[in-house]
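What follows is a set of notes on a single structure, which appears directly below.
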Amino acid sequence: MYDVIIVGAGVIGTAVARELSKYQSKTALLEKNPEVCQGTTKANSAIVHGGYDALHGTLKGRLNRRGVELYPGLSKALNFPYQQCGSMVLAFNDEDEKKLEALMENGRKNGVEGMEILSGEDARKKEPALSKEITKALYAKNAGITCPFNMTYALLENAMENGVELFVNTEVDDIEHLTDGVRVKATKRVFEGKMLINCAGVYSDKIARMAGDEDYTITPNRGEYRILDRKVGDLVSHVIFQTPTPDGKGVLVAPTVHGNIIVGPTSESVDNPEDTRTTKEGIRKVDRSATKGVPGLPIKESIRIFSGIRASVEGSDFMIEPSKANKKIFHLVGIDSPGLASAPAIAEEVRKWVEETIPLKKKESFIEERRAIPHFEELTNKEKEEILKKNPHYKKIICRCEMITEGEIIEAIHRPGGATTLDGIKRRVRPGSGRCQGGFCGPRVLEILARELKLPMEEILKDGPHSKLLAGKLKGALQ
Amino acid sequence: MADVIVIGGGPAGLGAALEAKKTGAESVVILERDRELGGILNQCIHNGFGLHEFQEELTGPEYAQRFINQVKDEEIDVYLNTMVLDLTEDRKVTVLGDEGVQVIQGKSVVLAMGCRERTAGAIDLQGYRPAGVYNAGMAQRILNMEGYQVGREVVIYGSGDIGLIMARRMTLEGAKVKAVVEVMPHSSGLYRNIAQCLEDYDIPLLLRHQIQKVYGKDRIEGVTISQIDDQWRTVEGTEKIISCDTLLLSVGLIPENELSEKGNVPLDSGTKGAIVNSTMETGIPGIFSCGNVLHVHDIVDFVTKESRIAGRNAARFARNELPRGEEIPTRPGKGVTYTLPQKLMLEDPDGVTLFLRSDVIYKKARVKVKEGDRLVKEKRERLIVPSEMVQITLDPEELRELNGEIIVEIVGEKND
Ligand SMILES: Cc1cc2nc3c(=O)[nH]c(=O)nc-3n(C[C@H](O)[C@H](O)[C@H](O)COP(=O)(O)OP(=O)(O)OC[C@H]3O[C@@H](n4cnc5c(N)ncnc54)[C@H](O)[C@@H]3O)c2cc1C
Ligand SMILES: Cc1cc2nc3c(=O)[nH]c(=O)nc-3n(C[C@H](O)[C@H](O)[C@H](O)COP(=O)(O)OP(=O)(O)OC[C@H]3O[C@@H](n4cnc5c(N)ncnc54)[C@H](O)[C@@H]3O)c2cc1C
């Protein structure tokens, strides 16, 4: 019997797993997809919001601020990218300016420090790409950017190193209450646990219903984006927001930790939580809103459009609470933005609940740190020489747009909970995320995956469980 | 230290290296990131290479092999699995290869890095982003070099040559190619390929059609296509769904000039390649460019021709023998999307061949080279299409008479 069963391995599930791995608890992390980080965590803005936006008095307000506090230490310990680049909310007229005042006031109540309202001129001094039309901007020093994928992998690797067991291709489809816990029926296997934490993202209402809690309804809400080429990545250095509307924070323009620019998202309710389509209308809206604040935005340098799904709920606050049917079950529902920014704080919050339910004892042997896969291009010449001596695979560049070596790819496969899919490799070490989008390195990465996983090439998936890439060997092909 | 460093071992690099050696460069180095020489030709196992160069129909690998053999005979140093990471204006080349990271100084450098394919992201393909959407060149590599089929029911988007060639190739491997969808009113591939790869196999070419949506969350299940008008608006009522498990994109090639940009080589926004003069020298003295990295070619024979000019002059530069003299600019005029070289040397003992592309199809066309109102040279062509490069040669006397900007234009019956 497990102490804790976590359902869903997005940033929330892995953050909870890592937090619990500090304690002597036997934890299972169940994920329906072939890999972790294939849900909402793989497609969002990657912003660690400053914490002034989430309404004071809400869970979001409290956990976002606490999250921002935890990021510097966590990103250092787990060696994932995080930059406190600061953010600006733009005002174009009096009405907008009033909203900035209100945001600042709300931020103060939330305990956010380092905010300031800049004149249009000062804002443009800090961020020369901004429109001449801007009259004021709310600057928040502690807002930042991260890499949601690498953060999730970092949390996962560290959690697994500290004993958490990951089960992929394991979809929970029924939950039974036991006197001292839960029994979970999942693909191919039954799990029993003293507790269950529901971190199933857009499906957390479905999991709640399995547990007998009928009163959660997620309304999937889609956001569409563009990614621009690294060569124009210097254009902006802060996260740039429009003034918020009832629809949310609006379209932003921001640098990414990898040196690209991200533009988006839209906000649109959709019927199906799997509906990650992009649309002409959506992308047009992204372009229009973004160029309002940053008129010189080079849309032509777009390398990718995509979309992600928010797990939105009525009332729009996070819902983190025990099941009405079984106190050993905790639901995390409605973890939409700022879910990523709050993830470390959400994990603490959950741990407190767990502590009140089952005994938790600190683990002496807890390994606090985890190192990222070295990115060859960013190493110093001396480090390059050293790594080449140890591992000749680092000599071979596989992805030429992002300068990724075979060594990096092999390591991404063999880390705990490592990559098994083409996109899993892409999210971990980035081959295929550059301007050629895998045109050249795709077949090479396939070969490496097949070789390292000892699988036939035609079994390798792109991403989802049915995303096979090849249709079979050619007749008469040479071995 | 080398006299001439050639970056890229495709046909352009091979041609340039050989010609540099012939012209008297002592040490010539080819740097190639792949495991073999030949560039893109290695995956082009179809016929149709070398008609101009050898008056023979060769396959891509056969064409490349003829040059590779010569390179072996000459004392040219070839470094395979060697990626060029950086280039400076003073011609220092940083590489990562079997020996780790190294810096090589060249007296001159020839850029011959080829091009890459435009992607789904670059054309805003809407809908899902499933498995089964391939760039045509990537699919070509998977079939011809790895020996795997990528799918069974295929739609091809864009009628570039690679897409046309892949339509035939996949058909021969038992796949059903349902349509080639092209947004322009004309194909962007060679006529020869439309006849031999589509018409011979009854594959429909749908001109002025656009893919509106991609279906299928994990693996592609189909596309919606529709007709578009002159203003690129969807024509109501023409939408239809074609089911497929594979979508190949053949929507254009882009010269790979990221490295050139590191060396501060000025680029032309039309060709997306370097701005060169008649010696194929870029804006940075001693750095030359040729082949698909300079502008996208449809026929490899012309790549070879151009690479010889670059190689010859790179060797001359290395030996301090590169002729210098007055240069005048060239500019695309009516009916022309780009001309190359962008600068002509008036004192050029070899004369110069101008390369250009048309904007649309012209019948009974004339290509005119003009200096102001004066007609310098004219050439008649029965048919000019945007997908096939046009050449017009100025001999040394004609060059010497020039003294102002040259404009190249096409007049004829527009066929749209
Ligand atoms: C457009 C957009 C922009 C955003 N921008 C930001 C931002 O800038 N900053 C910020 O802080 N937040 C942002 N967010 C919110 C943030 O992305 C989410 O809060 C966060 O990723 C949620 O993580 P998660 O782990 O809850 O969900 P997910 O990543 O979706 O993880 C849930 C997991 O549960 C699994 N699962 C589901 N059902 C089952 C089952 N039955 N059995 C087993 N496993 C199951 C899924 O496969 C999935 O892997 C944004 C969200 C969107 C959509
Ligand atoms: C699919 C396809 C079909 C074609 N069909 C025909 C046809 O039927 N008939 C015909 O005549 N022509 C055809 N062509 C056109 C012709 O083959 C090409 O124009 C020609 O191959 C271009 O040669 P290149 O040397 O410029 O580029 P490439 O062949 O692409 O060579 C460039 C080389 O540079 C290397 N390189 C790039 N960057 C670096 C770096 N940083 N460090 C080290 N090495 C580097 C690359 O690995 C590559 O080997 C076809 C082209 C394609 C793509």
Revision key, fill the gap. With the full set of protein chains present, the residues of the range A:252-279 whose 1.4 Å probe accessible area falls by 30 Å² or more relative to the chain alone are A:274, A:276, A:277, A:278
Revision key, fill the gap. HN-Hα couplings for the range B:370-387 via Karplus (6.51, -1.76, 1.60; θ = phi - 60°), in whole Hz with x for Gly/Pro, come out as 10, 10, x, 8, 6, 7, 8, 7, 9, 9, 9, 9, 5, 8, 10, 10, x, 7
Review point. Hey, rough spin-label estimate for residue B:186 and residue A:353, points 7 angstrom out along Cα→Cβ, what's it come to in nanometres?
Key: 6.6
Check your understanding: With each label point set 7 Å from Cα along the Cα-Cβ vector, what nm distance links residue A:245 and residue A:281?
Key -> 1.3
Revision key, fill the gap. Debye calc, one equal point scatterer per Cα of the range A:297-434, no solvent, log10 I(q)/I(0) at q = 0.16, 0.18 1/Å comes to -1.04, -1.10
Exercise for review: Give the distance, in whole Å, between the Cα centre of the range A:149-221 and the Cα centre of the range A:22-64.
Suggested key: 14
Revision key, fill the gap. Residues meeting the amide H criterion for residue B:176 (H placed from the backbone, H to H distance under 5 Å, 5 or more places apart or on another chain) are B:153, B:154
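Projected area of the range B:157-273, taken from the Cα convex hull and averaged over every viewing direction, in nm²? Walk me through the numbers before you get to the answer.
Values: hull surface 38.8 nm².
Taking a quarter of the hull surface, the average projection is 9.7 nm².
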Revision key, fill the gap. Candidate cut points under trypsin sites (Lys or Arg not before Pro) in the range B:209-318, DSSP loop plus at most 14 other Cβ atoms within 10 Å of their own Cβ, are B:233
Revision key, fill the gap. HN-Hα couplings for the range B:307-319 via Karplus (6.51, -1.76, 1.60; θ = phi - 60°), in whole Hz with x for Gly/Pro, come out as 5, 5, 4, 5, x, 4, 6, 5, 5, 4, 4, 4, 9
Review point. For the range A:348-382 and the range A:302-328, what is the separation of their C-alpha centers, rounded to whole Å?
Key: 24
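Which value, to two decimals, describes the C-alpha radius of gyration of the range B:49-199 once divided by 2.2 N^0.38 Å?
Details: Rg = 19.7 Å, N = 151, 2.2 N^0.38 = 14.8 Å.
So the range B:49-199 has a normalised radius of gyration of 1.33.
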Check your understanding: What accessible area, in Å² to the nearest ten, does a 1.4 Å probe give for residue B:90?
Key -> 80
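Rounded to the nearest 500, what is the 222 nm mean residue ellipticity of chain B from helices alone, with -39500 (n - 2.57) per DSSP H run of 4+ residues and division by all residues? Present the calculation step by step, with values, prior to reporting the outcome.
On the way: 7 runs with 73 residues, N = 416.
Value at 222 nm, helices only, nearest 500: -5000 deg cm²/dmol.
What is the calculated FRET efficiency for residue B:347 to residue A:459, with r their C-beta to C-beta distance and R₀ = 45 Å, to the nearest 0.05? Show your work: numbers first, answer last.
Working: r = 64 Å, r/R0 = 1.41.
For R0 = 45 Å, the calculated efficiency reads 0.10.
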**Study point:** Buried area at the A-B interface (accessible, heavy atoms, 1.4 Å probe, summed, Å²)
**Key:** 4300
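Might you tell me the accessible area per residue for the protein assembly as shown, computed with a 1.4 Å probe and given in Å²?
Working: 35560 Å² over 895 residues.
I get 40 Å² per residue for the protein assembly as shown.
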Check your understanding: To the nearest 10 Å², what's residue B:381's accessible area with a 1.4 Å probe?
Key -> 50
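Counting pairs of alpha carbon atoms under 8 Å apart in space and at least six apart in sequence, what relative contact order in percent does chain A give?
Details: 1089 pairs, mean separation 93.7, N = 479.
Once normalised by length, the contact order is 20 percent.
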**Study point:** Contact order normalised by residue count of chain B, Cα under 8 Å, 6+ apart, percent
**Key:** 16
Check your understanding: Ignoring ligands and nucleic acids, what accessible area does residue A:267 show with a 1.4 Å probe (Å², nearest 10)?
Key -> 40
Check your understanding: Which ³J(HN,Hα) values in Hz, rounded to whole numbers, follow from the phi angles of the range A:420-429 under the Karplus curve 6.51 cos²θ - 1.76 cosθ + 1.60, where θ = phi - 60° and Gly and Pro get x?
Key -> 10, 10, 4, 5, x, 5, 4, 6, 7, 10
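Just need the relative contact order of the range A:242-284 here, percent rounded to a whole number, with Cα pairs under 8 Å and 6+ apart.
In percent, rounded to a whole number, it is 26.
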Exercise for review: Enter the per residue convex hull volume of the protein assembly as shown, computed from alpha-carbon coordinates, in Å³ rounded to the nearest integer.
Suggested key: 178
Check your understanding: Taking N as the number of residues in chain B, what value does Rg over Cα atoms divided by 2.2 N^0.38 Å take?
Key -> 1.01
Practice item. Using label points projected 7 Å from each Cα along Cα→Cβ, tell me how many nm separate residue A:271 and residue B:359, to one decimal. Key: 4.5
Check your understanding: When the Cα centres of the range B:199-240 and the range A:407-479 are compared, how far apart do they sit, in Å?
Key -> 29
Study note, to complete from the structure: Sparse-neighbourhood loop hits (trypsin sites (Lys or Arg not before Pro), the range A:118-217; DSSP loop; Cβ within 10 Å at most 10 others) -> A:132, A:188
**Study point:** For chain A, Cys with no neighbouring Cys Cβ under 4.7 Å
**Key:** A:37, A:85, A:147, A:199, A:401, A:436
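Between residue B:99 and residue B:145, what FRET efficiency comes out of the Förster formula 1/(1 + (r/R0)^6) with R0 = 30 Å and r the beta carbon distance, rounded to 0.05? Spell out each step's value before the answer.
Working: r = 27 Å, r/R0 = 0.89.
After rounding to 0.05, the efficiency reads 0.70.
For the range B:319-353, run through the GluC sites (Glu not before Pro) and keep only the ones in DSSP coil with at most 13 other Cβ atoms within 10 Å of their Cβ. Present the calculation step by step, with values, prior to reporting the outcome.
Working: sites: B:321, B:326, B:327, B:347; in loops: B:321, B:326, B:347.
Hits after loop and neighbour filter: B:321, B:326, B:347.
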Point to revise | Extension gain, residue A:365 back to residue A:178 (0.36 nm per residue minus Cα-Cα distance, nm) | key: 64.2 nm
Check your understanding: Around residue A:332, which amide H atoms from residues at least 5 apart in sequence, or from another chain, sit under 5 Å from its own amide H, with H modelled in the peptide plane?
Key -> A:198, A:200
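If the limit is 25 Å between Cα atoms, which of A:136/A:292; A:22/A:382; A:231/B:92; A:206/A:328 go over it? Don't skip to the answer; put the middle values down first.
Values: A:136/A:292 14 Å; A:22/A:382 35 Å; A:231/B:92 22 Å; A:206/A:328 17 Å.
Exceeds cut-off: A:22/A:382.
Peptide A:61-72: average number of partner chain Cβ atoms within 10 Å per residue?
On the way: counts 0, 0, 0, 0, 0, 0, 0, 0, 0, 0, 0, 0.
The mean count of partner-chain Cβ atoms within 10 Å per residue comes to 0.
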Check your understanding: So how do A:466, A:49, A:393 rank on accessible area, 1.4 Å probe, biggest first, that is with the largest at the start?
Key -> A:466, A:393, A:49
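The values are calculated or read from the model by the stated rules, or taken from the named source; none is laboratory data. This structure is a prediction, so every number in the text was calculated from the model and none was measured. Note that we place each Cβ from the backbone using ideal geometry, even for glycine, and neighbour counts take in every protein chain shown. Surface accessibility is based on the protein's heavy atoms, side chains included, excluding ligands, DNA and RNA. Shrake-Rupley method; radii C 1.70, N 1.55, O 1.52, S 1.80 Å.
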